[in-house]
Each structure stands twice: as structure tokens, then as C-alpha cells.
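Reviewing the structure listed below.
All of the numbers you see were taken from the coordinates with simple rules; none came from a lab. These figures come from a predicted structure and were not determined experimentally. Backbone-built Cβ (ideal geometry, glycine too); neighbour counts: all protein chains shown.
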Amino acid sequence: MEAIQEFLANILPLIRLGAIFLGAYAVLLWAASVLWAYRDIRRRTEDVSVQVLAVGIVLLLPFLGIPLHLILRPPQTLAEKYERTLEEEFLRRDLEEQFVCPECQRPIEPDYLFCPHCHTQLRRRCDACQKVVDLTWRICPYCGHSQTGSAPTVRAEAYAVAPPVEVTQR
Ligand SMILES: [Zn+2]
Ligand SMILES: [Zn+2]
């Protein structure tokens, strides 16, 4: 009986020390999670009320607040959102402005033979194989047939691509 009491007396301080250590670690972890949530929500929204709400949840619900935060937070960071709009904008411009008629500057498809707006000839068909060829080419790239015979007025600039859009920031 005495041996057990002695053993407990010896081990109790160790248990207490362990508990204190674990408690301190939990508090640190909780503080770190609040800090993380604060940084994370600031990268995702500029709305102060949403920021306060997100940090509040993690602060008031230690550990349990983190999964809630992960579910409720805006899915995209502001940087991702910005990049996405930029990409979409470029895609849109590419589609709209890549090919324009050299005469009337209106949009055309790259495989048009004539401008549908002003009827300027943009390209022609090869006499031999009927494939679409550039007005400036001397021979057909598909069959080698000479194209010089009936060359109409040459418009070398017919496929001029719109000047590249200037990128000021990313
Ligand atoms: Zn035109
Ligand atoms: Zn041909």
C-alpha cells in the first residue's frame, strides 16, 4: 500500500507537467489557427464584416471553428479571382480582335475568302485542288500548282493580326 502511494506521489508531478504542456500547446495551436484564419480570410475578401465573422468563428470555437471556416470561406483568393478575370478578358479580346478586314476593319473569320461587309477579296481557292490559299502565295502549298496565272490585286496585309494588347500588371 505504501509502495503504491509512493509511486503515485512520484508520478503525479509528471502527469501535472504533461497536462500543463499539452494545455499550453493547445492554446498555442488555437492562437495560431486564429492567426491563420485572419491571414486566409484577408486573402479572400476585402469585406470587413466577413473578415470579422471568419476570425470570430475560429476565435470563439477553438479548433471546431477551422472546419467551419474552410466550408464558409470564399473559394477563390482575390489574386486568383483577379487572374481569372484577366484571363477571361484576354480570351474575349483574342476572339474578337484577332482577324479584321484590312479594308473596313470589321471582324472576319480567318478562313473567309471575301469580307462579308465590304466584299474585299481576302483569299482565293487554288485552281487545281480548290483549297483556300493566300493571295500572296505563288504556288499552292497543298498541291504545288502555280498560282501566278490569275493573281488578283494582292493584299499582303489581309491577315494582319491586331496589335498585341499591352499588359500593364499581372
Ligand atoms: Zn471589309
Ligand atoms: Zn492546290
Toy charge model, Lys and Arg Cβ at +1, Asp and Glu Cβ at -1: the stretch 2-75 dipole around Cα centroid in debye, rounded to 20, equals 400 debye
Applying the Karplus parametrisation 6.51 cos²θ - 1.76 cosθ + 1.60 with θ = phi - 60° to the phi angles of the stretch 38-48, what ³J(HN,Hα) value in whole Hz is obtained for each residue in order, glycine and proline being reported as x? 4, 5, 5, 6, 5, 7, 10, 8, 9, 6, 5
Please give the length that would be gained between Leu17 and Met1 if that part of the chain were fully extended, namely 0.36 nm times their separation in residues minus their C-alpha to C-alpha distance (nm, one decimal). 3.3 nm
Whole-percent pair-distance distribution, where bins are 10 Å wide, for the alpha carbons of the stretch 38-108: 18, 31, 17, 13, 12, 7, 2
J(HN,Hα) series, the stretch 111-125, from Karplus relation 6.51 cos²θ - 1.76 cosθ + 1.60, nearest Hz, glycine and proline x: 9, 5, 8, 10, 6, x, 8, 10, 6, 5, 6, 9, 9, 9, 9
Report Rg (one decimal) and Dmax (nearest whole number) for the stretch 1-138, counting Cα atoms only, units Å. 34.4, 113
Rank by packing, highest mean first: peptides 20-26, 49-55, with packing defined as the count of other Cβ atoms within 10 Å averaged across residues. 49-55, 20-26
